[in-house]
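The block underneath contains the structure these notes are about, expressed in structure tokens.
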Amino acid sequence: MSSTEKETAIVEAILYLESCPIDEGAISRISGLSNETVISALENIKNRYAETDCGLELSNIGGGIMISVKREYWETLKERYGRKGEGKISRAAMETLSIVAYMQPVTRPEIEKIRGVSADNMIRLLLEKNLVREAGKKDIPGRPVMYGTTKEFLKIFGLSSIAELPKLGESDIEKFELEGEKY
């Protein structure tokens with residue numbers, strides 16, 4: 001086994017053992033390899049996984065990298081291997097999550113103004129599922145909690161950052177307006 005093959009194998013093993021996305025710097029610290037070597041090893045892994053007979057790929061999620069099942073195979077396998085309850089989120093929770101994702105940081109009263117109903121239970125559910133997090137307090141009277149999405153949100157939706165969210169159409173943008181304020 002050549003030096004390059006060994007370094008690639010070490011990086012691949014780290015990615016396999018990590019349950020969350022990990023960045024190149026962390027891989028470098030764990031492995032003791034230089035950043036350049038890690039980047040080269042990641043490219044080797046990516047190329048190997050790009051072969052049509054491989055069921056895995058490298059995914060960039062929330063600024064980190066992880067090994068995941070290729071999307072075309074995941075559809076077949078997710079029934080058995082998907083996490084319990086994954087994808088089983090009510091329409092109300094999905095609406096609330098969408099508002100948080102597109103308007104973050106956003107407060108509960110702002111969410112309720114858009115949805116027209118109480119958001120307490122939906123926010124609690126999304127916090128429990130680790131899809132949203134407290135992102136600070138708004139500097140207004142009462143200092144309400146502001147909410148934003150989490151890395152788990154990015155991971156579940158296969159996004160490397162919030163910037164990859166689909167762009168809203170004009171009719172969708174109108175739904176996210178609050179008394180003349182545009183988001």
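What the table below lists for this structure:
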read-out	value
Leu154 closer than 28 Å to Ile65 by Cα, at pLDDT below 90 and buried (at least 18 other Cβ atoms within 10 Å of the Cβ)	yes
Single residue of the stretch 96-133 satisfying the filter (touching a strand residue (DSSP E or B) at 6+ places or on another chain (Cβ under 8 Å) and basic (Lys, Arg)) that is nearest to Gly169 (Cα to Cα)	Lys113
Criterion: under 30 Å from Ser118 (Cβ atoms) and modelled with pLDDT of 80 or more - qualifying residue of Ala50, Ala92, Ala41	Ala92
When residues of the stretch 1-22 are limited to those that are more than 25 Å from the chain's Cα centre (by Cα) and surrounded by fewer than 16 Cβ atoms within 10 Å (Cβ to Cβ), the one nearest to Glu36 (Cα to Cα)	Thr4
Test: residue in the stretch 122-138 that is over 24 Å from Cys20 (Cα atoms) and not assigned by TED's automatic domain parsing to the domain that holds Ser161	no
So Cys54, is it in a loop (DSSP other than H, G, I, E, B), in contact (Cβ under 8 Å) with a residue 24 or more places away in the chain and exposed (fewer than 15 other Cβ atoms within 10 Å of the Cβ)	no
The stretch 1-56, residues that are over 26 Å from Glu72 (Cβ atoms) and of a type in the set (Lys, Arg)	Lys6, Arg29
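The values are calculated or read from the model by the stated rules, or taken from the named source; none is laboratory data. Just so we're clear, the structure is a prediction, and the values are computed from it rather than from any experiment. Note: ideal-geometry Cβ built from the backbone for every residue, glycine included; neighbour counts use all protein chains shown.
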